[in-house]
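First comes the structure, then the notes that go with it.
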Amino acid sequence: MIDSLFSTAPSLDEPLHILSACHQRIYGQLETLDRLLRWLPDHGADADAQKAAAAVMRYFDTAAVNHHRDEEEDLFPCLIQRVAAEGQYRVKSLVRWAQDDHAALARKWIVLRAQLKAIADGESDQLSADDVANFTARYHNHMDREDNELLPYAAQLLTEADLAVFSRNMKARRRVRA
């Protein structure tokens, strides 16, 4: 039975669902980047291109940063604390990979952001297809591993108390009243 005709975003009281929903929003932003790349040759840095570039920048400068902080400051330490001895190596390796990948994504973002800023300001219509492809591919791989490896561990290991603390911290990062 369908509960509603409208899809709703999970609340910050559901931190693991928020992380997964954030991945879906990231996919949407990556699609916007791809559309922008195809738009620019015919339309230049017109008003639509400027809005799209600004929206992508706003997302990756705020929501994506909060998402990575949610993982690094709350999820990862909690996972390492909760995993049994026999799973320690696997979880620690996965966490180390995710942290390293966050850093690599941040470096790629700096390069891409400079191009988007010039487009958003109407100063350029140049966006590197290679930079977009590399950023997009890396993010796709990153989210796939998190969705299929990291988040399932979290769903198994985190307690209700862990999730409550995680939720409180997510709200604080976003300055949302509890």
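Observations, loosely collected:
- Pair list, Cβ under 6 Å, 6 or more apart: the range 63-79 residue free of Cβ contacts under 8 Å to residues at least 60 places away in the same chain, other residue among the aliphatic types (A, V, I, L, M): Phe76/Val95
- Of all residues in the range 82-118, exactly one satisfies the criterion of being among the acidic types (Asp, Glu) and either in contact with a helix residue (DSSP H, G or I) (Cβ under 6 Å, 6 or more places away or on another chain) or not in a helix (DSSP H, G or I) (or both), namely Asp101.
- Hits in the range 149-171 - residues which are surrounded by fewer than 14 Cβ atoms within 10 Å (Cβ to Cβ) and either under 18 Å from the mean Cα position of the chain (by Cα) or not in a helix (DSSP H, G or I) (or both): Pro152, Thr159
- Flag set for Ala45, criterion: buried (at least 17 other Cβ atoms within 10 Å of the Cβ), closer than 29 Å to Asp125 by Cα and either hydroxyl-bearing (Ser, Thr, Tyr) or touching a residue at least 24 places away in the same chain (Cβ under 8 Å) (or both).
- If only residues of the range 82-118 that are within 14 Å of Leu150 (Cα to Cα) and of a type in the set (S, T, N, Q) are counted, the one that is nearest to the chain's Cα centre (by Cα) is Gln99.
- Test: residue in the range 77-92 that is at negative phi, buried (at least 18 other Cβ atoms within 10 Å of the Cβ) and among the aromatic types (Phe, Trp, Tyr): no
- Of all residues in the range 96-144, those that are touching a residue at least 60 places away in the same chain (Cβ under 8 Å) and closer than 19 Å to Glu71 by Cα total 3.
- Among the residues of the range 134-148, not a single one is surrounded by 15 or more Cβ atoms within 10 Å (Cβ to Cβ), under 19 Å from the mean Cα position of the chain (by Cα) and small (Gly, Ala, Ser).
None of the figures in this text is laboratory data; all of them are computed from the coordinates on show. All of these numbers come straight from a predicted model, not from anything done at the bench. With ideal geometry, Cβ positions are generated from the backbone for all residues, glycine too; neighbour counts draw on all protein chains shown.
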